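Report on one structure; see the data block that follows.
The values are calculated or read from the model by the stated rules, or taken from the named source; none is laboratory data. Bear in mind that the values here come from a model prediction, so they are computed numbers and not experimental data. Reconstructed Cβ throughout: ideal geometry from the backbone, glycine too, with neighbour counts over all protein chains shown.
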Amino acid sequence: MSARLRVAVVFGGRSPEHPISCLTAGTVVAVLDKDRYDVVAVGVTREGRWVVGTDPGEMAPVGADGLPEVTPLPSQQTTPAGQPPAVLGEADVVLPLLHGAYGEDGTVQGLLEVADVRYVGSGVLASAVAMDKSVMKTLLVAAGVPVCRWVTVTLDRWAADPEAVEAEVAQLGWPVFVKPARAGSSFGITKVSAPDDLAAAIAYAGEFDPKLVIEEMVVGREVECGVLDGRDGGPPEVSVLGEVLVGGDHEFYDFEAKYTDGDALTLVIPADVPGDATTQLQRLAPAAFTALCCEGLARVDFFLTDEGRLVLNEVNTMPGFTPSSMFPRLWAASGIDYAALVDRLVTTALNRPLGLR
């Protein structure tokens, strides 16, 4: 029998963020120490079928759109949709590199909890709460963490009483941002500058989620911070800060700016942020991490206004993890390179007790 620990790297998934997960998995598998870990790659197709292999790049070839997708080879067996493979239960630890619904939202975490399998990242509660922007904001307000004003809207409510929704949104002032409540990578987001454009934006966001958040526009710099579980039970640790600069024809940090328009995005690490704002942000980021009961890792995103006000935008419990992504670059600038970061996350998960904690 092998003395190596078995790590199952799960990637792909049913959400629109499928290709980003595939990109992440290839790099993570490449840097895992093969002398210490027996690595198994577990892809999830967009239809929810699971396929087991060793090479995420081979399992998720790049399509005509330039993005990878889990596509089982003829020689590979897949499970029926919704039926996970036995290898998950045989793993010492699972690295669920899934983004969005049916992966980052507590669903896969619940599966692993029931199976008594250790895994990297936040548990069921924190994963679900951080994915739902409306619930997340409600809890952060209770914890004293500043967030922007927002209105929560369901498609049913919009259909039943659009005038009431429009009246609530108008109180936020124009423009506003209409977002799916439970999506990431800027899918489904529209900047709305006038009431006449609200219906189309709600319809578009509703293609991704029947629950939406409509937020006031906050004018400011986009500054992000990485958070890790502290060592030996200590308090959460924070990285240096990074700033996102969006250029070109992009009005905001949309999917194309993030992933497909190579000239649109600049990440400034470390960010040139005044000392008092840095201190406050590095206090608020772990406070949000703790308030949402996060574990393992998170990227916490803020707006910093010209007046020096900090507003928390999102908490990502499984942030983008490609080599060019903000989270690993923040930690590299803080003294933890990519391979060491992945190893630390796996080690933290292995040392975490099973069951309620």
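Can we say Pro74 is in contact with a strand residue (DSSP E or B) (Cβ under 9 Å, 6 or more places away or on another chain) and not aliphatic (A, V, I, L, M)?
It is false that Pro74 is in contact with a strand residue (DSSP E or B) (Cβ under 9 Å, 6 or more places away or on another chain) and not aliphatic (A, V, I, L, M).
For the range 71-109, give me the residue count where each residue is of a type in the set (Gly, Ala, Ser) and buried (at least 17 other Cβ atoms within 10 Å of the Cβ).
The qualifying residues number 5.
Under 6 Å between Cβ atoms, at least 6 apart or on separate chains: pull out the pairs that start in the range 121-146 with a residue that is outside any loop (DSSP other than H, G, I, E, B) and end on any residue that is surrounded by fewer than 17 Cβ atoms within 10 Å (Cβ to Cβ) and hydroxyl-bearing (Ser, Thr, Tyr).
none
Would you say Arg344 is assigned to a loop (DSSP other than H, G, I, E, B) and either more than 18 Å from the chain's Cα centre (by Cα) or surrounded by fewer than 14 Cβ atoms within 10 Å (Cβ to Cβ) (or both)?
So Arg344 fails the test.
Residues Pro80, Pro84: which one is in contact with a helix residue (DSSP H, G or I) (Cβ under 8 Å, 6 or more places away or on another chain) and touching a residue at least 12 places away in the same chain (Cβ under 8 Å)?
None of the other options fit; the residue is Pro84.
For every residue, the table says whether it meets (1) assigned to a loop (DSSP other than H, G, I, E, B); (2) in the same structural domain as Thr154 (by TED's automatic domain parsing); (3) surrounded by fewer than 22 Cβ atoms within 10 Å (Cβ to Cβ).
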| position | (1), (2), (3) |
| --- | --- |
| Glu168 | no, yes, yes |
| Lys179 | no, yes, no |
| Gly184 | yes, yes, no |
| Ala201 | no, yes, yes |
| Tyr204 | no, yes, yes |
| Phe208 | yes, yes, yes |
| Val223 | no, no, no |
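Given the criteria in contact (Cβ under 8 Å) with a residue 12 or more places away in the chain, surrounded by fewer than 18 Cβ atoms within 10 Å (Cβ to Cβ) and outside the structural domain of Tyr204 (by TED's automatic domain parsing), does Arg14 qualify?
No: the conditions fail for Arg14.
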